[in-house]
Amino acid sequence: MTSFWNQLPKPFFAMAPMKDVTDVAFRTVVARRGKPDVFWTEFVSADGLSHAVPSLLRDLQFNKEEHPIVAQIFSSKPEMIAYATKLVAQLGFDGVDLNMGCPDRAIEKQGAGAALMKNPKLAVEIIRAAKEASDLPVSVKTRVGYSKESLDEWLPILLEAEPAAITIHLRTRKELSLVPADWELMKKAVAIRNRINPNVLLIGNGDVGSLEEGRRLAAETGCDGIMIGRAVFGNPWVFERISGLRKSSSEFGFTKSQHSEHGLDEKLEALLELAQEFEKITPPKNFSILKKHIKAFVTGFSGAAELRAKLMMANNATELKGLIEMEKGAHQ
Ligand SMILES: Cc1cc2nc3c(=O)[nH]c(=O)nc-3n(C[C@H](O)[C@H](O)[C@H](O)COP(=O)(O)O)c2cc1C
C-alpha cells in the first residue's frame, strides 16, 4: 500500500517525539520556521485513550501545517493499540507509531515501551493489531537492544511484521542517553534490513545536531531518514534549510557560511510565540511545563543565567511578554 512514507525524499528528516516538549504548540512554532519532512506527536497511552482521558486527547491535537504527522502510542495490549489506532485514523493523522523503546519505569511496568524488546511475540501482535485496525501506515520506534545490542535478533522480528518504517535510537535501553549514539550500528541495521525486508524504511536517531550532520550520517550508513530530537530544544530553526539542502549540489547542500545564526531577539520572539501557542491548548497545560523551553532558549551567552532567572518568574504568556519587553527596553 502506498502511503506518505513512500513519497518522502531521501534522506528525509523527522522531528522526534518528546513528551512535554514536542506538543502542538512547539510543533506550530517549528512549522512556521522550517518544517521537518515528518512530525511526530509526543507519546500517548493507548490504554488512557480508551478511557477517554481528556488530557490525552489534548496530546493528539495538531494543525494542518503539520502534515505529514504521525501519532505515537504505547501499550502492551493489542486491543488497546487497535482502539487507539482507529481513533488516530479518525482524527486525521497520516500514520501511527508504536513506541517500543521508552525506558520510563512506569511504562515498562505495564509491559510497554522498551519492555516489548523482551517480549517479541507480543511486539509482533501489537504491530499486527495496529495494521489491522485501520489503513494508516504503522511504524515502530525502538532501540538497538535491551541490556545489550541485539539487532541480529530483534530487528528481523520487527522487519518480518512489516511496518512501513522503523526508527532506531542507536543506544540500548540500559544505556538510556548516557553514552553517545553508536551510528556504526546503523550500517548493521541497514544490512539486516536489506537482507530481510528491503521495503521497510529505516530511520536513524541519536545525537544528530543539524541537517548537515544528518545528511552525512545517512550517506555513510544507508538509512532512509534521520530523526532529530534534543537539537530542536531552543532551536526551532533546525529544519529551516531542508529545501536549500535539497536544491544545492554541494556535498552537504550548503556551506557553513550559509548557516544563519538566530540572535537573542529572535529567540525571545520564538519563545513568546511558543508561550502564546501553549496557552491555546485545551484543556490547559501547567505553565511550568514551558519552563524547560525558557532554559533551552535562553542559554549560551553572557548574562543568560540572569535573564533566565528573570523569565522563569513568569506564570503565563502575558507576564513573559512583559518581562521580555522590559529586557529589550533595558538594552535600547
Ligand atoms: C524530554 C524527552 C522526551 C522524550 N519523549 C519521547 C516520547 O514521547 N516518545 C519516544 O519515542 N521517545 C521520546 N524521547 C526520545 C527521543 O525521541 C529520542 O529518541 C532521543 O532523545 C534521542 O534523539 P536525540 O539525540 O536526537 O535527542 C524523549 C526524549 C526526551 C529528551
Legend entry - Matching option when the condition is open to solvent by 20 Å² or more (accessible area, probe 1.4 Å), over 16 Å from the mean Cα position of the chain (by Cα), small (Gly, Ala, Ser) and in the same structural domain as Ile242 (by TED's automatic domain parsing), among Ala164, Ala218, Ala189: Ala164
Inset, instruction - Inspect all residues belonging to the stretch 122-134 and state whether any of them is surrounded by fewer than 21 Cβ atoms within 10 Å (Cβ to Cβ), more than 15 Å from the ligand (Cβ to nearest atom), more than 24 Å from Asn6 (Cα to Cα) and not acidic (Asp, Glu). - result: yes
Inset, instruction - Quick one: which residue in Gly113, Gly95 is touching an Asp or Glu at 6+ places or on another chain (Cβ under 8 Å) and buried (at least 16 other Cβ atoms within 10 Å of the Cβ)? - result: Gly113
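Listed here are the residues, each with its yes/no results for (1) touching a residue at least 12 places away in the same chain (Cβ under 8 Å); (2) in contact with an Asp or Glu (Cβ under 6 Å, 6 or more places away or on another chain); (3) part of a loop (DSSP other than H, G, I, E, B).
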{"site": "Cys102", "(1), (2), (3)": "yes, no, yes"}
{"site": "Ala106", "(1), (2), (3)": "no, no, no"}
{"site": "Leu155", "(1), (2), (3)": "yes, no, no"}
{"site": "Thr167", "(1), (2), (3)": "yes, no, no"}
Inset, instruction - Check the stretch 19-27 and report whether any residue there is surrounded by 23 or more Cβ atoms within 10 Å (Cβ to Cβ), modelled with pLDDT of 95 or more, touching a Gly at 6+ places or on another chain (Cβ under 8 Å) and under 20 Å from Ile281 (Cα atoms). - result: no
Inset, instruction - Could you run through the stretch 286-324 and say how many residues are farther than 23 Å from Val238 by Cβ and under 22 Å from the mean Cα position of the chain (by Cα)? - result: 3
Inset, instruction - Give the stretch 18-52 a look and list any residue that's touching an Asp or Glu at 6+ places or on another chain (Cβ under 9 Å) and either among the aromatic types (Phe, Trp, Tyr) or part of a loop (DSSP other than H, G, I, E, B) (or both), or say none. - result: Met18, Lys19, Asp20, Val21, Thr22, Asp23, Phe26, Gly34, Lys35, Phe39, Trp40, Phe43
Inset, instruction - Just name the residue that is surrounded by the most Cβ atoms within 10 Å (Cβ to Cβ) out of those in the stretch 195-211 that are more than 10 Å from the ligand (Cβ to nearest atom) and not in a strand (DSSP E or B). - result: Leu211
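The values are calculated or read from the model by the stated rules, or taken from the named source; none is laboratory data. Owing to the predicted nature of the structure, the values given are computational and were not obtained by experimental measurement. Methodologically, a virtual Cβ is constructed for each residue, glycine included, from the backbone with ideal geometry; neighbour enumeration extends over all protein chains shown. The protein model used for the area step is the full one, side chains on, heavy atoms only, and it has no ligands, DNA or RNA in it. Shrake-Rupley method; radii C 1.70, N 1.55, O 1.52, S 1.80 Å.
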